[in-house]
Each structure stands twice: as structure tokens, then as C-alpha cells.
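Remarks on the structure that follows.
Any read-out appearing in this document is the output of simple, stated calculations on the displayed coordinates, not a laboratory observation. Computed from a predicted model, the values in this text were never measured in an experiment. Ideal geometry is used to build each Cβ from the backbone, glycine not excepted, and the neighbour counts take in all protein chains shown.
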Amino acid sequence: MELKLNRDLFLKSLSHIQGIVEKKNTIPILSNVLIDASNGKITISATDLDIIIIEVIKGEIIKEGSTTTTAQVIYDLVRKLPSGSEILISQKTEGQLSLISAKSNFNLKCLSPKDFPITQDDVEGEALAISSSVFLKLLNKTKFAISNDETRHYLNGIYLHKTNENNQLYLSAVATDGHRLSKSRIVLAKDIAFEAVILPKKTLFELVTILQEENSELKITASKTKIRFTINDVTLISKVIDGRFPDYSKVIPTDNSNKITVNLSSFISTIDRINSLSSDRKGTLKLVVNKDILKLLVNDPSAGDGVEEIILSYSGPDLEIGFNSKYLIDVGGVIEDKNVMIYAKDPSSPVLIHDPADINSLHVIMPMRVAWLNVFNKRYKASKF
């Protein structure tokens, strides 16, 4: 095998596989990237047995062939070569790959391509064609709510499924960790036979990396066991999570009548600032709402306590409710409008959060019980700024 490649195009392809390839693997071939030059095209492939990525790259084939080499090593070498440089790759012996660029000359260890496990592209079904930027937005609106609790593996991903709401078809994405839930949806122009799947977290983050670089049409095909994403010259095939996603509709509030409207920038910056006093991993925060004032309170035995006030729009009864501050900050990071709308019922019921600029997304957060509130309230009862 002998190839001429552009350093920048080769590096872009190698960067796509870094999150998939395991750096230290008990199966050595899984730490390698497969470079194949045959049938007039050059492909770069990598897999961890659950995900495989295959990318066609431009280059000159001098002699056809294939080999595998350590993905991390070749990526580091190519990354450190000058931008725009030409790379000559050749294999003179089965166990050695030569990489030459200008005055740089490297010999890399190889493993036989016959041992590389190629996943069968057997994902059958109707392909959904969608803008990559639209789908990326869908993932970003929900991914932060994915659970890390492996005992409930069916929550370790995003639930992609077709929904019919008010006679309108959508592709919906939902993620939850049992304490919060985020949902976003895309209008479907026509009905398609799309298999509902749970997209694994690792696959999701690899896909996000690719979509951030590629702005084009994305084709998605899902089956009961696998899902395939194709954009330009990149194909990503992944196993899906085997499990049943819970009926999330039951936890979305429908009767939260107390509407709080607050400036997003002020709200998030205040939370971030006052949270500096919290050494609690959950960042326990209390919201006290009355008339047009929102008080944010924190109390930490080792760091101290504090309170800040924000002007808001509210006409409901006085309300005191506790939250994990990180959950509020995560939601704030995906709100597009200058304001955020929070719909509450009472201190023990989940709140519903809406983005005025995005009618197709919603977020639900469970409140927390805050034991120190009564003592803290007495101290700051007459607090004015």
C-alpha cells in the first residue's frame, strides 16, 4: 500500500475516531485504526465493537492495500506536522508502516487488517433525512440530562422516537436521570417508519463532535439493535441500548399555574455566584418568590451563607422551593431567549421550564428539600438591597 494524503484532511478524519478507540485495550487491534485503499477510494475505520466509524477521505492511491496501526500514535504524529503538508504513507513489510512528510520520517508498528473486526452494515429501515444543524440542536437541548447511573442502563442515553402531538408528527429526543428531564422535538415533513431507540451516551458525544464540523444533510436509519448516521463521507454505526425507556409523559407537569418570568443572564449569573458558597456536590439552592422579587439563598456549614435578589415578573402566591443549582445552570445553557419561564405548583412538585424562543423544547426539574431554610429565613427576613 502506498498513499499521498493532505495532512489537514487526514488529521480531521483521525480526530473523529479518537473518542471511539480505546487507548488501553485487552484486544490490541481495537486500539488501531484501519487504513484501506481499494476500489479507487481511501477509507479510515475504527471500532470498539459497539460503535464503528468509517470515513472516506481524499488522497492519491499509488498502490492499493490495507493495514492497521495504533490510532493514538498516528494521530499525535499527524497533528504535530505543519498544516497543509503532504504525507506519504507506505507499507513495505506487513508489520511496519512508513510515514514521510518533508524531512520527517517515521516507522509505525502494524497489525494485520485481517484481524480488524468490521461491523456489518445491516441497519435496515427507511432513512430519515434531516439538516445536521437541526439534529445537533436537538441533541444539545437534551444530552445534559442523561443519567450516569449504570444500574438503570436504559437511562444512559437519549430516547429517539416518533411522536404525534396535536396531529403533528415529530422526531422527539428525551433524556432523564430521574431527577430532571429534558425533551426537544423536530417537525417531520412526512410520516416515516422510524424505529424508537435509545442512543448510547458515548455514541451521542462522538456524533456531536462530527456534526459540529459537518453542516450538511444527515441521514438516519434505525433498527431494533443498531442505528446508522451518514453525513457527507462519514458513516457512524452504533448498537443501541437494549431496554425500555420509561413513560416520561407522566412526569411532565400539566397543572403548574404559578408562572415565574426572569431574565436569564441575571438568573444564571446569580446562581453561579452564590453557588460559590456551596461545598455540597448538589449545590443546594433555595428560591424564595414573592410578588416581583426572587431571592436566591445558600447556606453551607463550612463556607458560610448568602442571599441575592432579582427583579422578576410573578403574580402568584409566595413560594419557597429548593433545587440542585447545577440542574438550573444546565438548563440555562440551552435557553435561547433573554428570559426563562418557570412554571411551579408547590415546594414538593416538579417545575416545568420553557424557553420563550423555542416552543419545541421543555425541561422538568424535581425540587429538593432544604432543611436549613427556616433558620436561614429568620436571619434574612428583613433583607433589603
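A compact table of results
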{"item": "Helix axis angle, 201-213 relative to the chain longest principal axis, alpha carbon, degrees", "result": "80 degrees"}
{"item": "Under the Karplus curve 6.51 cos²θ - 1.76 cosθ + 1.60, θ = phi - 60°, whole-Hz ³J(HN,Hα) for region 127-138, x wherever Gly or Pro sits", "result": "7, 9, 9, 8, 5, 5, 5, 5, 5, 4, 4, 4"}
{"item": "Highest average packing first - 103-110, 313-320, 35-42, Cβ atoms within 10 Å", "result": "35-42, 313-320, 103-110"}
{"item": "Cβ-derived FRET efficiency at R0 51 Å, Ser265 paired with Asn39, nearest 0.05", "result": "0.40"}
{"item": "Vicinal HN-Hα couplings computed from phi for region 262-276 (Karplus, 6.51 cos²θ - 1.76 cosθ + 1.60; Hz; Gly/Pro x)", "result": "9, 5, 4, 4, 5, 4, 6, 5, 5, 4, 4, 5, 5, 6, 4"}
{"item": "Vicinal HN-Hα couplings computed from phi for region 358-363 (Karplus, 6.51 cos²θ - 1.76 cosθ + 1.60; Hz; Gly/Pro x)", "result": "9, 6, 9, 10, 8, 9"}
{"item": "Per residue Cα convex hull volume in Å³ - calculated over region 2-115", "result": "95 Å³"}
{"item": "Set of region 1-43 residues, backbone N closer than 17 Å to the point 7 Å along the Cα-Cβ line of Thr93", "result": "1"}
{"item": "For region 252-380, alpha-carbon Rg over 2.2 N^0.38 Å", "result": "0.99"}
{"item": "Calculated FRET efficiency for the pair Lys326/Leu49, C-beta based, R₀ 41 Å, to 0.05", "result": "0.80"}
{"item": "Three principal axis lengths of the chain [C-alpha, angstrom, descending]", "result": "81, 50, 36"}
{"item": "Extension gain from Ile252 to Lys109, taking 0.36 nm per residue of separation minus the Cα-Cα distance", "result": "46.0 nm"}
{"item": "Mean-position separation - Cα centroids, region 29-100 and region 171-233, in angstrom", "result": "28 Å"}
{"item": "Cα long-axis angle, helix 7-17 against the chain (0 to 90 degrees, to the nearest 10)", "result": "60 degrees"}
{"item": "Under 5 Å, built H, 5+ apart or other chain: amide partners of Leu108", "result": "Leu97, Ser98, Leu99"}
